[in-house]
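Enquirer: Pasting a structure below so you can have a look.
The values are calculated or read from the model by the stated rules, or taken from the named source; none is laboratory data. Remember, predicted model here, so these are calculated numbers, not experimental data. Methodologically, a virtual Cβ is constructed for each residue, glycine included, from the backbone with ideal geometry; neighbour enumeration extends over all protein chains shown.
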Amino acid sequence: SQNPARENVLAATELLTGVRVPTPAAGVVSTYLKITDRAAWTHAEVSVAVVLQMDGARIRTANVVLGGVAPMPWRLPDVAQWLCGQSLSAAVAGQAGALAVVHAQPLAKNGHKVPMTRAAVERALLRLVLA
């Protein structure tokens, strides 16, 4: 499970020495969307990465991960599970965006990220609809 108080799962004596990114399988589509503060442009206020394994017009598997909303990347397993079996469309993108923020618990000074997150998830999926 995700623990915002802990940024990784490495033990104190472990060291990450590499990362392997496999070639996507046939039918995989993906996108990354980053929303930044115009004054800074350095880090994401909110970002979202989406990877979908398509089976024709239907989504077979999905991964949706947010950035900028927690101390580490934040997976959205409920959104990913809901997307499975859906046909990718603008309506589905909008519903996924709404589902992405159902359990949001903003802090005192970052409540503005909730509607940004909803919009980011929707826009990322819309990119894939239009691709």
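Enquirer: What's the number of the only condition in (1) closer than 16 Å to V46 by Cα; (2) more than 14 Å from the chain's Cα centre (by Cα) that A100 fails to meet?
Expert: Going through the list (1) closer than 16 Å to V46 by Cα; (2) more than 14 Å from the chain's Cα centre (by Cα), A100 breaks only (2).
Enquirer: Moving to a separate point now. When you check L66 against the structure, is it in contact with a strand residue (DSSP E or B) (Cβ under 8 Å, 6 or more places away or on another chain), surrounded by 13 or more Cβ atoms within 10 Å (Cβ to Cβ), within 20 Å of L130 (Cβ to Cβ) and at pLDDT 95 or above, yes or no?
Expert: When the stated conditions are applied, L66 does not pass them.
Enquirer: Where residues in segment 69-80 are under 17 Å from R118 (Cα atoms) and surrounded by fewer than 19 Cβ atoms within 10 Å (Cβ to Cβ), which of them is modelled with the lowest pLDDT?
Expert: Going through the qualifying residues, I end up with A70.
Enquirer: Filter segment 94-112 down to the residues that are surrounded by 13 or more Cβ atoms within 10 Å (Cβ to Cβ) and at pLDDT below 95, then identify the one that is farthest from L83 (Cα to Cα).
Expert: N110
Enquirer: On to the next question. Assess whether L66 counts as being under 28 Å from E7 (Cβ atoms) and either among the hydroxyl-bearing types (S, T, Y) or in contact (Cβ under 8 Å) with a residue 24 or more places away in the chain (or both).
Expert: Yes: the conditions hold for L66.
Enquirer: Does at least one position in segment 7-30 carry a residue that is closer than 19 Å to T117 by Cα and modelled with pLDDT under 95?
Expert: No.
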